[in-house]
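I have placed the structure first, in the form of structure tokens, so that the comments after it can refer back to it.
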Amino acid sequence: MSRQERILVIDDEEVVREVFHRLLKSEGYQAELCTSGEEGLRLIREREFDAVILDVMMNGIGGLATLNELRKMDSDIPVIMVTAYASLENAIECMKQGAFDYITKPFKNDEVMLAIQKAIEQRTLLRENKNLKSQLKGIYGFENIVGHS
């Protein structure tokens, strides 16, 4: 099974990145891995991704700061936050900042894949919605209104 969806994994733990890479690849997704928020933001400026998996606690720019910058760059990209240090306050803050989902480590593969599937479905719907609005604006915009007085 080969998909075109591209997932960016931003996590400073090599073992976790490799687990995500193998899991996503086994499900047919294209996965790119990076070790820091700074590197992830650079990649998002250069390429388009369908979803992001982002660690909350990282060296350098942390997960929440990275999420905030991602939102400024692309407000529609779904970001799934992952953490080994889960707390209700942390989960609420991530969701307030625009995270699509919040998953605790160690995670279940099915849980991650369900979150990815739903994130990509949302991204696809948002793209279709914007495309349809653009088409409707072209058809029913003011320049196409003809009236008689």
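Scanning segment 118-131 for residues that are open to solvent by less than 100 Å² (accessible area, probe 1.4 Å) and either at pLDDT below 80 or not charged (D, E, K, R) (or both) yields a count of 7.
Which one of Ser134, Ser36, Ser87 is out of contact with any Leu (no Cβ under 8 Å at 6 or more places or on another chain) and at pLDDT 95 or above? Working first, answer last.
Details: Ser134 fails: at pLDDT 95 or above; Ser87 fails: at pLDDT 95 or above.
Just one listed residue meets the conditions, Ser36.
Give the number of residues within segment 70-117 that are open to solvent by 10 Å² or more (accessible area, probe 1.4 Å), in a helix (DSSP H, G or I) and touching a residue at least 40 places away in the same chain (Cβ under 8 Å). Adding up the residues that qualify gives 2. Filtered by the rule that a residue be over 15 Å from the mean Cα position of the chain (by Cα) and not charged (D, E, K, R), segment 18-50 gives Val19, His21, Leu23, Ser26, Gly28, Thr35, Ser36. Taking segment 1-67 as the region of interest, the strands (runs of 3 or more DSSP E) fully inside it that hold 1 or more residues being touching a Pro at 6+ places or on another chain (Cβ under 8 Å) are 51-55.
Applying a threshold of 8 Å to beta carbon distances and a minimum spacing of six or more residues, or different chains, the list of pairs starting in segment 1-15 at a residue that is modelled with pLDDT under 90 and ending at one that is of a type in the set (Ser, Thr, Tyr) reads Arg3/Tyr29.
The values are calculated or read from the model by the stated rules, or taken from the named source; none is laboratory data. Keep in mind the model is a prediction, meaning the values are calculated, not measured. Every residue, glycine as well, gets a Cβ built from its backbone with ideal geometry; the counts of neighbours run over all protein chains shown. Accessible surface is based on the protein model in full, side chains and every heavy atom, while ligands, DNA and RNA are left aside. Shrake-Rupley method; radii C 1.70, N 1.55, O 1.52, S 1.80 Å.
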